[in-house]
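Enquirer: Before anything else, here's the structure in question.
The values are calculated or read from the model by the stated rules, or taken from the named source; none is laboratory data. Predicted, not measured: the structure shown is a model, and the values here were computed from it. Cβ: placed from backbone, ideal geometry, glycine included. Neighbour counts: every protein chain shown. Keep in mind that these areas ignore ligands, DNA and RNA; they rest on the heavy atoms of the full protein, side chains included. Shrake-Rupley method; radii C 1.70, N 1.55, O 1.52, S 1.80 Å.
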Protein chains: 2
Amino acid sequence: MSNWKKRLSAEGFRITASRRAVMDVLLATSVPLSPREILEQGRRVHRKLGLVTVYRTLALLEHLRCVRRVHREDGCRGYLPCSPGHSHALICRQCGRAAEFQGFADLQALIARVEEATGYQVDDHLLQLSGLCLDCQS
Amino acid sequence: MSNWKKRLSAEGFRITASRRAVMDVLLATSVPLSPREILEQGRRVHRKLGLVTVYRTLALLEHLRCVRRVHREDGCRGYLPCSPGHSHALICRQCGRAAEFQGFADLQALIARVEEATGYQVDDHLLQLSGLCLDCQS
DNA sequence: CCCTTAATGAAAAGTTTTTTCAACTACAGT
DNA sequence: ACTGTAGTTGAAAAAACTTTTCATTAAGGG
């Protein structure tokens, strides 16, 4: 059983046609999608899908860390499926294609320095990179 | 003359009461403000200020790098004044107070590694930290 | 102190997100 | 399999947010 289904069940949530439609769409994309885009594509597999349900499903799946929300200059609600563990998004500014990467130790070092410099106790971070993917460089 | 006024003039933009109101509000805050909050506070110094103008002014000031837009889980349009040069925001999740920090070399190293790992050519990044400020830790 | 033109604000239009609520259905227990 | 029930859904409506339009205002060079 796919991972997201396990997580829903484990927390007592039901596997419904709408949730399947939303996850199917997200698992098939390599570009962050907005709720409206997810609705449109999702209707191809589940005709009755409604926008409200897309919003609710995304909120739930984000909470369970099955999907990740990416922020961009335009539109702050792009969704991507996310692999287990903490990772970050790297988005092509030309075609939108997204890749994931890990934070490595550099980020820990940076955070430690910032904590020292500011006195804040840092417990979360938002890091996204953008640029050109291999295909778009030519 | 304050820096933001210089930048506006230098690019041929006018120093108006509305723009002064928006910048005054931003320079006085340590918490990211939404366009609506800026409108409300701005009206205390410039009665006729309109919401449309706040949006337009923020877009302009952001373009000129006099203000910075911060993204958060809730609401993706928080504005802060920004110091010259590239820096990042660190926001207290309790009181909202923001601090700035520089990217240091760690970030460059991280980006270089990601470029190597993914083949992308990285040319921009969005980095924000959140945690507890000194006051909120007690 | 004019004049030109950038800038403004109110209203309206367009979007996005949330709330409400009756109907539906996944699935645990029978 | 069948059934009951509580979690889910989707349409409509409300609320919130952002952009467009356009007549009026005023910044600042001459």
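Enquirer: Of the conditions (1) within 26 Å of B:R68 (Cα to Cα); (2) within 13 Å of chain B (Cβ to nearest Cβ); (3) in contact (Cβ under 8 Å) with a residue 40 or more places away in the chain, A:Y79 clears all except one; give me its number.
Expert: (2)
Enquirer: Looking only at residues in segment B:59-80 that are closer than 21 Å to B:G12 by Cα and surrounded by fewer than 20 Cβ atoms within 10 Å (Cβ to Cβ), which one is nearest to DNA strand C (Cβ to nearest atom)?
Expert: B:L60
Enquirer: Next question. Scan segment B:1-58 residue by residue and report those that are of a type in the set (S, T, Y) and open to solvent by less than 60 Å² (accessible area, probe 1.4 Å).
Expert: Result: B:S2, B:S9, B:T16, B:S18, B:T29, B:S30, B:S34, B:T53, B:T57.
Enquirer: If a residue has to be under 29 Å from A:T57 (Cβ atoms) and either open to solvent by 30 Å² or more (accessible area, probe 1.4 Å) or facing chain B (nearest Cβ under 7 Å) (or both) to count, how many in segment A:93-126 make the cut?
Expert: Of the residues in that region, 11 qualify.
Enquirer: Which condition from (1) in contact with a Cys (Cβ under 8 Å, 6 or more places away or on another chain); (2) facing chain B (nearest Cβ under 9 Å); (3) modelled with pLDDT under 95 is the one that A:R68 breaks?
Expert: With respect to (1) in contact with a Cys (Cβ under 8 Å, 6 or more places away or on another chain); (2) facing chain B (nearest Cβ under 9 Å); (3) modelled with pLDDT under 95, A:R68 is out only on (2).
Enquirer: Related question: Assuming A:S2 fulfils every condition listed in (1) farther than 25 Å from B:L127 by Cβ; (2) within 11 Å of DNA strand C (Cβ to nearest atom); (3) among the hydroxyl-bearing types (S, T, Y) apart from one, which condition is it?
Expert: (2)
Enquirer: I would also like to ask the following. Which residues, counting only those in segment A:11-38, are small (G, A, S) and within 11 Å of DNA strand C (Cβ to nearest atom)?
Expert: The answer is A:G12, A:A17, A:S18, A:S34.
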